[in-house]
């Protein structure tokens, strides 16, 4: 948190320098606009990092890339055709449980702490794992989807 404040403070300093350079460029030397543009870009990237938007944007991009790769892999394996792709996406989105369903699946009360969620997940996974006598693959997948819903 302190590091973000520091970066945000530095971004403010760079913003001030950018404004100063733009004013000086108009008064004295137009070449200073090139330097001001570099300072402006630095200001923007520092602000983008300090506010957490860079991390969120990167995470979204990674998720989209992974989804595209898995879709491409699925299509290459002949799992779906172009017409069935929309139905497959809709079915996938239906399989994602709501947070309330996820809490029920893990046997927790809504608002459980991350440690309780992790503990319940590990317990349920051990019970539902397909390699155990009483486990099944579908129950195992359901527990994993519930955990992913609550962790995200």
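Output yes when any residue across the range 138-148 is at pLDDT below 85, in a helix (DSSP H, G or I) and loosely packed, with under 13 Cβ neighbours inside 10 Å, and no when none is. Scanning the range 138-148 turns up no residue that is at pLDDT below 85, in a helix (DSSP H, G or I) and loosely packed, with under 13 Cβ neighbours inside 10 Å. Residues that are in a helix (DSSP H, G or I) and at pLDDT 85 or above within the range 77-117 comprise 99, 100, 101, 102, 103, 104, 105, 106, 114, 115, 116, 117, listed in sequence order.
The values are calculated or read from the model by the stated rules, or taken from the named source; none is laboratory data. Note that this is a predicted model, so its numbers are computed, not measured. As a convention, Cβ positions derive from the backbone with ideal geometry for all residues, glycine included, and neighbour counts pool all protein chains shown.
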